[in-house]
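Here the structure comes first, spelled out in structure tokens, and everything after it is commentary.
Derivation of every value follows stated rules applied to the coordinates shown; laboratory data play no part. Since the structure is predicted, the reported quantities are computational estimates derived from the model, not experimental observations. So basically every Cβ, Gly included, is an ideal-geometry build from the backbone, and we count neighbours across all protein chains shown.
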Amino acid sequence: MENLKYAIEGILFAAGESVKTAKLAVVLDKTVDEVTEAVEELRAEYDRDKRGFTIIEISDGYQISSRPDYYKYIREILGEQRNQPLSNAAMEALAIIAYKQPVTRGMIEKVRGVNSDGCVSRLYERGLIEEAGRLDAPGRPVLYKTTDTFLRCFGLRTPRDLPPIDFKNTMPELADTGEQLAIVDDVIEETPEEN
């Protein structure tokens, strides 16, 4: 195909969400490497020309996204309603889901120590989390995981791109006791520090 990169551009623009690289390759009758190379050429063009959009990588796929440099202008046009921050409680629940996924509400509540129904519902409504099946346990509770929307909002390609958490430095009061926090199974437990 002579204009492969522009065909990809049209598909990504029309899709409005992430499109898997493998799917692009099949539809365009190209290899994954050819698609990846064409996307990189488009990115280079967009960067060189300081275009209003860029292509981001999400979950083994690509999506056209507004360039962060122009966000303040976009926000003025679209209004502040799109910029409602999450509460601290919702951020806590989201962090637990992101790092431990898939998890149930009960697992989230064990870590947070409080009821998390409202937080989980808000995260679900905003499209930051989604159902990931059911746990094979009594009551078959729903499992939750993060979505591509979460990845896009936090500038991540996959959940593996999350930064590691150093619990010893985030909770310095434990450093004096020779203990640190570690996530074990579905709860945070105190564990003795090895010498």
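Return, ordered by residue number, the residues of segment 41-76 whose backbone nitrogen is under 18 Å from a label point located 7 Å along Cα→Cβ of residue 13.
Flagged as within label range: 41-56, 62-67.
In nm, give the distance between the simple-model label positions of residue 95 and residue 47, each being 7 Å from the Cα along the Cα-to-Cβ direction.
3.1
Between residue 110 and residue 157, how high is the FRET efficiency from 1/(1 + (r/R0)^6) when r is the Cβ-Cβ distance and R₀ = 41 Å? Nearest 0.05.
Rounded to the nearest 0.05, the efficiency is 0.90.
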